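Shown next, in structure tokens, is the structure this report addresses.
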Amino acid sequence: MEKNSFKTDYRIIYGDTDRLGIVYHANHFRFFEIGRTEFFRNLNITYKEIEDKKIFMPVAEAGCKYINPIHYDDLIIIETSIDTEYKKGLAFLYEIISEDKKTIHAKGFTKHAFINAEHKVIRPPEFIKNLKRDLFH
């Protein structure tokens, strides 16, 4: 994972799991959203503040590689970073790891476009360019 990543702890609740007590596969994308939200919050900006500027970040592409199952009541760490190679919008990389940091449960990504209130694609706003610059240069 990148040196400028942010870690978020999350305890698996019963509602995250299937009948076998294993995290339902689609919930990994919820965990990615939690990581992304807290990543921004750690940088003193929230999704709400971004959207208040009439800038929206829909997911354009997402993927997840499931490596090891996660069980009910496990404490996981969601590690989130920005993919510096992605230039068209903003992409995040995620690792879901065990509390003891010995087990990687999943790796994934989300790629986001930027759109305005009229749903038109726009260039990444200046504050995003500044964020990338400040984090990685």
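The values are calculated or read from the model by the stated rules, or taken from the named source; none is laboratory data. What you see is a predicted model; the values in this text were computed from it and never measured. Cβ: placed from backbone, ideal geometry, glycine included. Neighbour counts: every protein chain shown.
Select from the range 62-93 the residues that are over 24 Å from Arg133 (Cβ atoms) and out of contact with any His (no Cβ under 9 Å at 6 or more places or on another chain) and list them in ascending order. I'd like the intermediate steps shown before the answer.
Of all residues in the range 62-93, those over 24 Å from Arg133 (Cβ atoms) come to 62-78.
Passing the criteria: Ala62, Gly63, Lys65, His71, Tyr72, Asp73, Leu75, Ile77, Ile78.
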Per-region count, the range 4-40, residues part of a loop (DSSP other than H, G, I, E, B) and more than 16 Å from Ala91 (Cα to Cα): 9
Some residue of the range 68-88 being more than 24 Å from Asp100 (Cα to Cα), modelled with pLDDT of 95 or more, surrounded by fewer than 13 Cβ atoms within 10 Å (Cβ to Cβ) and not β-branched (Val, Ile, Thr): no
Hits in the range 96-120 - residues which are over 21 Å from Ile45 (Cβ atoms) and either β-branched (Val, Ile, Thr) or touching a Pro at 6+ places or on another chain (Cβ under 6 Å) (or both): Ile96, Ile97, Thr103, Ile104
